[in-house]
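Read through the structure below, which is laid out as structure tokens, and then see the notes.
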Amino acid sequence: MDRRRHGRYHTEGFAEVQVLRDVDIVRASAREITVISRSRAATGAEMRMRVSAAGGRQATLRVRTTGSQPQLVGGQLRYRLWMQVLSQESEVTR
Amino acid sequence: MTWWTWPGLRGAVLEQIPGRLLDIGAGGCCLETPTRLASGTFGFVEVQGPDASIAEVARVCDVTERPGAAAPFLVRLEFLPIALPAGLGVSDRRTRAPEGSLAAAAEKAGPSLTLVRRRRSNGEVESVESAHSAPDSHGYATPERPGEPLAERLKK
């Protein structure tokens, strides 16, 4: 079914987009995690982070941004984010 | 073994980006956002109108930057034919919705839009079916896995 053939309806409303963005983990401990991200995050912002490793191990963390600093990585603008680990929501091994 | 000691640790953050709906159709929608989203980014979009909400798995098709605007990015999203989790509700599309409303748009679009909530006249919010699980839905829906977060499925 080609949904593009359907009509277009103008309306108004609030929207929220949830996206997963990959980050490079620089340093991690039970309480803190430092990452390099393509997008900045406001200090105090809380978000969920999924960490994964070989063997299908995954954990979901609740983190809070405690600081950010722009930097160039390979000529590209990136942000170093310092995050506090608030809690670990789940850990699975597949 | 604790997560921070895992070798080859990789990470992904789930970002929640607010926006304002400009228009919506069966195949996608256009939003104003304060944050740039890269073309090709996959995500989950929820639109809340005065009378209803819709939720869709979507992909960013195109982003236009408008320097100086309060919400400087115009993001066009394409809805993807991926079923939403079963927990989003039960079917009820038969009640007529006011013309021009989000619920009316969803009603016109048929099974292509997923109406997840509707607000009753007394302000209560009731659940409405994930359209992708309807019998007349497209054939691309993946099996429902209620226990698995949507974000996990998006990464597969």
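Looking at B:68, B:28, B:40, which one is at pLDDT 85 or above, of a type outside the set (Lys, Arg) and under 12 Å from the mean Cα position of the chain (by Cα)? Walk me through it before giving the result.
On the way: B:68 fails: under 12 Å from the mean Cα position of the chain (by Cα); B:40 fails: under 12 Å from the mean Cα position of the chain (by Cα).
Going through B:68, B:28, B:40 in turn, the sole match is B:28.
Out of the residues in segment B:1-59 that are among the charged types (D, E, K, R) and in a loop (DSSP other than H, G, I, E, B), state the one that is surrounded by the most Cβ atoms within 10 Å (Cβ to Cβ).
Step one: list which residues in segment B:1-59 are among the charged types (D, E, K, R), which gives B:10, B:15, B:20, B:23, B:32, B:36, B:46, B:51, B:56, B:59.
In the following step, the residues that additionally are in a loop (DSSP other than H, G, I, E, B) were identified as B:36, B:51.
Numbers: B:36: 15, B:51: 21.
Filtering first and then ranking leaves B:51.
Would you point out which residue out of A:51, A:17, A:35, A:23 is in a strand (DSSP E or B), facing another protein chain (nearest Cβ under 8 Å), over 16 Å from residue B:10 (Cα atoms) and at pLDDT 85 or above?
A:17
What's the number of the only condition in (1) at pLDDT below 85; (2) exposed (fewer than 15 other Cβ atoms within 10 Å of the Cβ) that residue A:40 fails to meet?
(2)
Condition first: closer than 19 Å to residue B:34 by Cα and of a type in the set (Phe, Trp, Tyr). Can you find one or more residues in segment A:14-23 that meet it?
The initial filter retains those residues of segment A:14-23 that are closer than 19 Å to residue B:34 by Cα, namely A:14-21.
Now drop any that are not of a type in the set (Phe, Trp, Tyr), which leaves A:14.
Yes; the residues of segment A:14-23 include at least one that is closer than 19 Å to residue B:34 by Cα and of a type in the set (Phe, Trp, Tyr).
Which condition breaks for residue B:32 when tested against (1) at the interface with chain A (Cβ under 7 Å from one of its Cβ atoms); (2) touching a Phe, Trp or Tyr at 6+ places or on another chain (Cβ under 8 Å)?
Here residue B:32 meets the rest and fails (1).
The values are calculated or read from the model by the stated rules, or taken from the named source; none is laboratory data. Source: prediction; values computed, not measured. With ideal geometry, Cβ positions are generated from the backbone for all residues, glycine too; neighbour counts draw on all protein chains shown.
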